[in-house]
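> Got a structure for you, written out below as structure tokens; questions coming shortly.
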Amino acid sequence: MEGRDQYNSPYQNRRRQVESAESRSISNSVSEQSTSYPVMDSSSDKDTGSPSKSLCSSASSSSENVQAMEMKQLKESLRYSTQTNTDEPPLLEGEKVQESAWREVTYLCPYSEIIKGTLFVTNYKLYFKSTDRETPFILDVPLGLISRVEKVGGATSRGENSYCIDLTCKDMRNLRFAHRQENHSRRLVYDKIHQNAFPLSNKQQLFAFEFKEDYGLNGWAVYSHEAELKRQGVPNDNWRVCKLNEKYDVIDTYPSVFAVPHQASDDFLKQVAVFRSRGRLPVLSWIHPKSQATITRSSQPMIGVAGKRNKDDEAYVQMIMDANAHSNKLYIMDARPSMNAVANKARGGGFESEDAYQGADVVFLDIHNIHVMRESLRKLKDVVFPTIDDAKWLSNIESTHWLDHIKQILAGAVKVADKVENNKTSVLVHCSDGWDRTAQLTSLAMIMLDPYYRTIKGFQVLLEKEWLAFGHKFAQRVGHGEDKHSDADRSPVFLQLIDCVWQITKQFPNAFEFNEHFLITILDHLYSCLFGTFLCNTEQQRLKEFKVKENTVSLWSFINCQIDEFMNPLYAEYLHKHVLFPVATLRRIEIWTGYYCRWNPRMRPQEAIHLRNRELLVLRAQLQQKVEELQKELEMKNTRGHLHSSPPRVSSPVNV
């Protein structure tokens, strides 16, 4: 079913937990539990027999969390039993139906015959349930996914299904509903959808501020600036923790806490910020645990047409270079094409001169701007939805240039990781303002260099740090709650990051703790406006202006309370504590059909992947236990012990 089996609705997950708990009550073994889940979708198994609990370092197995989940399952079982016996839509905490049901509505499904049914609109979702089928067809679409609402056909339109509402969605699909003219229902449905899909344009608040579900875990506690810097070994002799921006009054798009070279005083940093676009001076993203080579990030210098220089900025870049004792060079990776960087001089920006910045090599990575990426995604949507032309599939994909852009981003990140790992040289990354392409490059390079970011918790920390804390403009790039579908600020920058991560998981299938479902869930709730995680443009707006931690639920609460659902059963942590260098060529990069083509029934897997994953997790747990028993047996026999050769730091992708 198009709506129910693809979108990961929190209500459906709660329902699955109830059904899963009921199934476990009649199961007596781990192997029986692996086949007792509902086939239609995934569930969360939180009992002590859950295989991934012992294997996942980021999963919480405290008794408090288990008890919280059991209580919530009991509460949901009562709610589920009352709601499934009616035609009313299932409701989340804080969700309300906006009007009585609209009957005799027809869903014009592009993959089957027309479907007649009843339509509901709540303050969170659009819910359609068929009335002409023995097995109900259900479409459950969060209104946050909608980017445009249009009326198709007028009073003079002829034909049974020519009087419609057309919905353009942010997740690669369009939905069309036909209304009978004599019912006079279309205008009211249009108004209710528009009002609740674009609450900010209608002077209302996003549903995330209404949603009050308790998942038993606090996802806001996943990340803290100081804790992540401490994990990286900062502060140390060369780097210090800086709280200059604690009140967000120096750099309003930066976090309150970041790391800078130890030599740089707070007053000196203020002088440096003047010469960088939006004040976004170079700060630490990642430090190599052995060589102390670093990845730093910033915005472009304000060189201008006159070629201005700033001694403070030049001295500061030298401090970054000097903080790495293994090299007397610094690579400045400018994400832009060189022509674009030159053109920015006319607007007061530009790029570093190698003459002014001694010891620096400037490299342009040829990644295009947000407008080019937005147009590329529009072309891709035309290719993959609603129908796919098999005869011209490859040429149509090529014409979108989407894979070219993905390749260029990956290739740039590989260059950054290579300079840090193999050359032991520090790298400064920037684009124009330093919150789009810069975040893509630093994040991907850090995933390649640091296995921590390939775990579920580590990836959450990475997104919180490099994207949320450092001011990626999620509200503008996604357009949360605003009726501005043609806004020039919208762009699929974050989608490209997740696509690139998926590409790496394809080349290194054993190196990531999380699975594809984890990535798709993040993208679904990037748009849904159910959680507060991806709201607003800056940390300052989230914490001070809208107080999202106090007033909304974190996406990580939802994910981490059912973490087994997002685990990769093929994950081999002990094999992948090293650097990954993916092959960034079009020979190895492919269209992510599991996301872009998931609404097409012909493109879906014929077996339930989540069930197979559960079975593999059970098998993995059994094998892991056997390995541990054999290791203990070997240790008892080998009383003297011996040194194991250390694994290589660099890995090559799996060849297929």
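The values are calculated or read from the model by the stated rules, or taken from the named source; none is laboratory data. Bear in mind the structure is a predicted one, so any value in this text is a computation, not a measurement. Here the Cβ positions follow ideal geometry from the backbone for every residue, glycine too, while neighbour counts run over all protein chains shown.
> State the number of residues belonging to the range 542-569 that are within 30 Å of VAL420 (Cα to Cα) and surrounded by fewer than 16 Cβ atoms within 10 Å (Cβ to Cβ).
Adding up the residues that qualify gives 0.
> I've got another one for you. So, LYS457, is that one surrounded by fewer than 19 Cβ atoms within 10 Å (Cβ to Cβ) and touching a residue at least 12 places away in the same chain (Cβ under 8 Å) or not?
Numbers: surrounded by fewer than 19 Cβ atoms within 10 Å (Cβ to Cβ): no; touching a residue at least 12 places away in the same chain (Cβ under 8 Å): yes.
Here the answer is no, as LYS457 does not meet what is asked.
> Quick check: anything in the range 273-286 in contact with a helix residue (DSSP H, G or I) (Cβ under 6 Å, 6 or more places away or on another chain), in a helix (DSSP H, G or I) and farther than 19 Å from LEU468 by Cβ?
yes
> OK, next. Just checking, how many residues over the range 341-361 are small (Gly, Ala, Ser) and in contact with a Gly (Cβ under 6 Å, 6 or more places away or on another chain)? First the steps, then the outcome.
Within the range 341-361, the first condition is being small (Gly, Ala, Ser), and the residues that meet it are 341, 343, 346, 348-350, 353, 356, 359-360.
With in contact with a Gly (Cβ under 6 Å, 6 or more places away or on another chain) added as a condition, the list becomes 348.
Residues flagged as small (Gly, Ala, Ser) and in contact with a Gly (Cβ under 6 Å, 6 or more places away or on another chain) within the range 341-361 amount to 1.
> Within the bounds of the range 182-200, is there any residue that is farther than 27 Å from LEU92 by Cβ and either in a strand (DSSP E or B) or in the same structural domain as LYS290 (by TED's automatic domain parsing) (or both)?
There is no residue in the range 182-200 that is farther than 27 Å from LEU92 by Cβ and either in a strand (DSSP E or B) or in the same structural domain as LYS290 (by TED's automatic domain parsing) (or both).
> Restricting to the range 98-138, name every residue that is among the aromatic types (Phe, Trp, Tyr), part of a strand (DSSP E or B) and in contact (Cβ under 8 Å) with a residue 40 or more places away in the chain. Step through it out loud before you land on a result.
Pass one, the range 98-138, residues among the aromatic types (Phe, Trp, Tyr): 102, 107, 111, 120, 124, 127-128, 137.
When the remaining residues are screened for being part of a strand (DSSP E or B), the result is 102, 107, 120, 127-128.
Residues satisfying the conditions are TRP102, TYR107, PHE128.
> Scan the range 458-501 for residues that are in a loop (DSSP other than H, G, I, E, B) and closer than 24 Å to GLY219 by Cα and report the count. Explain how you work it out, then say what you get.
Step one: filter the range 458-501 for residues in a loop (DSSP other than H, G, I, E, B), giving 470-473, 480-492.
Right, trim to closer than 24 Å to GLY219 by Cα and you get 470-473, 480-481.
Of the residues in the range 458-501, 6 are in a loop (DSSP other than H, G, I, E, B) and closer than 24 Å to GLY219 by Cα.
> Condition test on LEU449, is it surrounded by 15 or more Cβ atoms within 10 Å (Cβ to Cβ) and within 30 Å of PRO601 (Cα to Cα)? If you could, list the steps in order and put the result at the bottom.
Working: surrounded by 15 or more Cβ atoms within 10 Å (Cβ to Cβ): yes; within 30 Å of PRO601 (Cα to Cα): no.
So LEU449 does not fit the description; no.
> Hey, could you check the range 201-248 for residues that are of a type in the set (A, V, I, L, M, F, W, C) and assigned to a strand (DSSP E or B) and say which is farthest from GLN541 (Cα to Cα)?
Within the range 201-248, the subset of a type in the set (A, V, I, L, M, F, W, C) is 206-209, 211, 217, 220-222, 227, 229, 234, 239, 241-242, 244.
Narrowing further to those that are assigned to a strand (DSSP E or B): 239, 241-242.
Working: TRP239: 28, VAL241: 22, CYS242: 20 Å.
Taking the candidates together, the pick is TRP239.
> Could you say which residue among PHE534, PHE512, PHE518 is assigned to a helix (DSSP H, G or I), touching a Phe, Trp or Tyr at 6+ places or on another chain (Cβ under 8 Å) and assigned by TED's automatic domain parsing to the domain that holds TYR595? Step through it out loud before you land on a result.
On the way: PHE534 fails: assigned to a helix (DSSP H, G or I); PHE512 fails: assigned to a helix (DSSP H, G or I).
PHE518 is the lone residue from the list that is assigned to a helix (DSSP H, G or I), touching a Phe, Trp or Tyr at 6+ places or on another chain (Cβ under 8 Å) and assigned by TED's automatic domain parsing to the domain that holds TYR595.
> Now for a different question. Among the residues of the range 477-536, write down those that are small (Gly, Ala, Ser) and farther than 22 Å from VAL583 by Cβ. Walk me through it before giving the result.
Filtering the range 477-536 down to residues small (Gly, Ala, Ser) leaves 479, 481, 486, 488, 491, 511, 528, 532.
If the condition is that a residue be small (Gly, Ala, Ser) and farther than 22 Å from VAL583 by Cβ, then GLY479, GLY481, SER486, ALA488, SER491, SER528, GLY532 are the ones that fit.
> A further question on this structure: Residues that are under 30 Å from ILE559 (Cα atoms), hydroxyl-bearing (Ser, Thr, Tyr) and in contact with a strand residue (DSSP E or B) (Cβ under 6 Å, 6 or more places away or on another chain): does the range 241-264 have at least one?
No, the range 241-264 contains no residue that is under 30 Å from ILE559 (Cα atoms), hydroxyl-bearing (Ser, Thr, Tyr) and in contact with a strand residue (DSSP E or B) (Cβ under 6 Å, 6 or more places away or on another chain).
> So which of THR505, THR585 ends up being within 30 Å of GLU421 (Cβ to Cβ), at pLDDT 95 or above and either assigned to a helix (DSSP H, G or I) or not assigned by TED's automatic domain parsing to the domain that holds VAL420 (or both)? Before the answer, list the steps.
Values: THR585 fails: either assigned to a helix (DSSP H, G or I) or not assigned by TED's automatic domain parsing to the domain that holds VAL420 (or both).
After applying the criteria, what remains is THR505.
> How many residues, within the range 268-324, are surrounded by fewer than 22 Cβ atoms within 10 Å (Cβ to Cβ) and basic (Lys, Arg)?
So the count comes out to 6.
> Going by the structure shown, is HIS288 of a type outside the set (D, E, K, R), more than 29 Å from the chain's Cα centre (by Cα) and closer than 29 Å to HIS578 by Cα?
Taking the combined requirement at face value, the residue does not satisfy it.
> Right, another one. Please enumerate the residues belonging to the range 151-172 that are charged (D, E, K, R) and at pLDDT 95 or above. So that I can check it myself, show each step before the final result.
Applying the first criterion (charged (D, E, K, R)) to the range 151-172 yields 151, 158, 160, 166, 170-171.
The answer is ASP166, LYS170, ASP171.
> Please determine, by comparing only the residues of the range 304-347 that are in a loop (DSSP other than H, G, I, E, B) and under 33 Å from the mean Cα position of the chain (by Cα), which one is nearest to ASN422 (Cα to Cα). If you could, list the steps in order and put the result at the bottom.
Of the range 304-347, the ones in a loop (DSSP other than H, G, I, E, B) are 304-310, 323-329, 335-337.
After this cut, where a residue has to be under 33 Å from the mean Cα position of the chain (by Cα) as well, the list is 323-324, 335-337.
On the way: ALA323: 17, ASN324: 14, ALA335: 21, ARG336: 24, PRO337: 25 Å.
Across the range 304-347, the extreme among qualifying residues is ASN324.
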